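The values are calculated or read from the model by the stated rules, or taken from the named source; none is laboratory data. Remember, it's a predicted structure, so these values are computed and weren't measured experimentally. All Cβ positions, glycine included, derive from the backbone under ideal geometry; neighbour counts span all protein chains shown. In case anyone asks, the SASA skips ligands and DNA or RNA and just uses the protein heavy atoms, side chains included. Shrake-Rupley method; radii C 1.70, N 1.55, O 1.52, S 1.80 Å.
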Amino acid sequence: MTYDPNNIFAKILRGEIPCDKLYEDDHVLAFADLYPKAPVHILVVPKGAYVSMDDFTANAGPEEIAALFRALGKIARDKGLDKTGYRVISNCGLNGGQEVPHLHLHLLGGKRLGRMVEAD
Ligand code: AMP
């Protein structure tokens, strides 16, 4: 899948659409999910143009990969989620139910989150 530069997160990264920014460094932007599924629901996004976890793990450099996961942990700790636990999800492609074709990690917490995957 080729990267679509008009996806909504690309527009947020370019500053064309507002977001509730919670963290930023050279490689990563994190912002509140517009339709939160938990009391804390943060999207952690690499600034590079990666469609999905598949694209990122195949093509991103070690600095970008480290930055994404360092940022995730820092944001979780800053929110106090390390004390109570949290969940990280990255939906990838059709079976993963990915809607926005720019890699993002969902950081979810603030309550007991229940089952990881709904049974069929
Ligand atoms: P996914 O299904 O994994 O691609 O998740 C996409 C997520 O992006 C969903 O949880 C949406 O609620 C969220 N979302 C969509 N548009 C926006 C936006 N403009 N700002 C923040 N979150 C958004």
### Task
Could you please let me know if residue 88 is within 10 Å of the ligand (Cβ to nearest atom), aliphatic (A, V, I, L, M) and in a strand (DSSP E or B)?
no
Of the residues in segment 40-64, those that are touching a residue at least 24 places away in the same chain (Cβ under 8 Å) and closer than 18 Å to residue 4 by Cα number 11
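If you go through segment 2-21 one residue at a time, do you hit one that is in contact with a Phe, Trp or Tyr (Cβ under 6 Å, 6 or more places away or on another chain), open to solvent by 20 Å² or more (accessible area, probe 1.4 Å) and assigned to a strand (DSSP E or B)?
Pass one, segment 2-21, residues in contact with a Phe, Trp or Tyr (Cβ under 6 Å, 6 or more places away or on another chain): 19-21.
So of that shortlist, the ones also open to solvent by 20 Å² or more (accessible area, probe 1.4 Å) come out as 19-21.
Next, only the ones that are assigned to a strand (DSSP E or B) stay: 21.
Yes, segment 2-21 contains at least one residue that is in contact with a Phe, Trp or Tyr (Cβ under 6 Å, 6 or more places away or on another chain), open to solvent by 20 Å² or more (accessible area, probe 1.4 Å) and assigned to a strand (DSSP E or B).
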If you go through 111, 74, 83, 37, the only one that is farther than 23 Å from residue 2 by Cα, more than 15 Å from the ligand (Cβ to nearest atom), open to solvent by 30 Å² or more (accessible area, probe 1.4 Å) and not in a helix (DSSP H, G or I) is 111
Residue set 56, 69; condition open to solvent by 10 Å² or more (accessible area, probe 1.4 Å), hydrophobic (A, V, I, L, M, F, W, C), at pLDDT 95 or above and out of contact with any strand residue (DSSP E or B) (no Cβ under 6 Å at 6 or more places or on another chain); output residue 69
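Identify all residues within segment 82-92 that are over 18 Å from residue 48 (Cα atoms) and touching a helix residue (DSSP H, G or I) at 6+ places or on another chain (Cβ under 8 Å); write none if there are none. Spell out the reasoning first.
We begin by selecting, within segment 82-92, every residue over 18 Å from residue 48 (Cα atoms); these are 82-89.
If the condition is that a residue be over 18 Å from residue 48 (Cα atoms) and touching a helix residue (DSSP H, G or I) at 6+ places or on another chain (Cβ under 8 Å), then 82, 86, 88 are the ones that fit.
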